[in-house]
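The structure under discussion appears below in the form of structure tokens.
The values are calculated or read from the model by the stated rules, or taken from the named source; none is laboratory data. Treat the numbers as computed from the prediction; the structure is a model and nothing was measured. Neighbour counts are summed over all protein chains in view; Cβ atoms, including those assigned to glycine, are modelled from backbone coordinates with ideal geometry.
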Amino acid sequence: MSHTVGARQAQKQQSRRALLDAGLHLLAEQNLASLGVREVTREAGLSPAAFYRHFPDLAALGVALVEESLVSLHVMIRAVLAEAGGAEELIDRAVDVIERHVREHRPHVRFLARERHGGVRLVREAIDAELGRFAAEVGAALALQPSSRDWSERDLRMLAELYVDLMVSTAAALLEAREADSGGDPARVERIAATARLQLRLISLGRRHWTGS
């Protein structure tokens, strides 16, 4: 009996994975508001009935993709913030992490960039909520650093949101540069990375001289 239950659970997970992969693949060329359940299930090789065993609607699939899209970036940025080193080293590592994330998770970055201001309200709200949680994590990590010893919770949150907004906008710009004219634009990629480093240094400089709000 337990073997049967385990096999059924594995099949269920496989079907859910197929639907998520199919949705992500189709969203490379269109936004979620224009996608249909039959398109997703046809791409996944499943029936429409199978879709509804996993998701009540396409908005729910989009929300699942939001959570999946940011989890790896959360992990990588937390690792950077936990490492020792000066501000310059942390900045270089953070930009390297963003570049690697765009290379390794291009469909997810494209999905977030398109749907952050897209037409599906639940997905927009999910992205905002997930970025809010991300900012809270970054703020908690910043609070442990000696330079944040006298900072208020409000100011730490503001600083964290500056970092997160810059990470997200940099990732979107890097994606666009990598996909420019299908062949990518290496010089533009390097300019975007260099600009991100300068912006992070500017934030770091302002942080050292901040006296509180």
Residue in region 58-69 that is within 21 Å of the chain's Cα centre (by Cα), exposed (fewer than 12 other Cβ atoms within 10 Å of the Cβ), in the same structural domain as SER147 (by TED's automatic domain parsing) and not acidic (Asp, Glu) present: no
Any hit, region 9-20, residues being assigned to a helix (DSSP H, G or I) and within 18 Å of the chain's Cα centre (by Cα): yes
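For (1) of a type outside the set (Gly, Ala, Ser); (2) assigned to a helix (DSSP H, G or I); (3) in the same structural domain as GLU161 (by TED's automatic domain parsing), each residue gets a yes or a no:
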| residue | (1), (2), (3) |
| --- | --- |
| GLU88 | yes, yes, yes |
| ALA94 | no, yes, yes |
| ARG100 | yes, yes, yes |
| ARG103 | yes, yes, yes |
| GLY118 | no, no, yes |
| ALA129 | no, yes, yes |
Residue, modelled with the lowest pLDDT, within region 173-189, restricted to residues that are surrounded by 14 or more Cβ atoms within 10 Å (Cβ to Cβ) and assigned to a helix (DSSP H, G or I): ARG178
Number of the exception - ARG42 against (1) in a helix (DSSP H, G or I); (2) surrounded by fewer than 12 Cβ atoms within 10 Å (Cβ to Cβ); (3) among the charged types (D, E, K, R): (2)
Any hit, region 145-152, residues being in contact (Cβ under 8 Å) with a residue 60 or more places away in the chain and in a helix (DSSP H, G or I): yes
One residue from ARG201, ARG207 being of a type in the set (Lys, Arg), in contact (Cβ under 8 Å) with a residue 60 or more places away in the chain and surrounded by 15 or more Cβ atoms within 10 Å (Cβ to Cβ): ARG207
Whichever residue in region 123-158 is farther than 30 Å from GLY62 by Cβ and in contact with a Leu (Cβ under 7 Å, 6 or more places away or on another chain) and, among such residues, is modelled with the highest pLDDT: LEU156
Some residue of region 160-172 being surrounded by 14 or more Cβ atoms within 10 Å (Cβ to Cβ) and over 17 Å from ILE91 (Cα atoms): yes
ALA129 under 19 Å from the mean Cα position of the chain (by Cα) and closer than 19 Å to PHE111 by Cα: yes
Residue within region 149-157 that is under 21 Å from the mean Cα position of the chain (by Cα), in the same structural domain as GLY62 (by TED's automatic domain parsing), exposed (fewer than 15 other Cβ atoms within 10 Å of the Cβ) and among the charged types (D, E, K, R) present: no
In region 158-176, residue nearest to ALA143 (Cα to Cα) [restricted to those that are in contact (Cβ under 8 Å) with a residue 12 or more places away in the chain and among the hydroxyl-bearing types (Ser, Thr, Tyr)]: TYR163
In region 21-39, residue surrounded by the most Cβ atoms within 10 Å (Cβ to Cβ) [restricted to those that are of a type in the set (S, T, N, Q) and not in a helix (DSSP H, G or I)]: ASN31
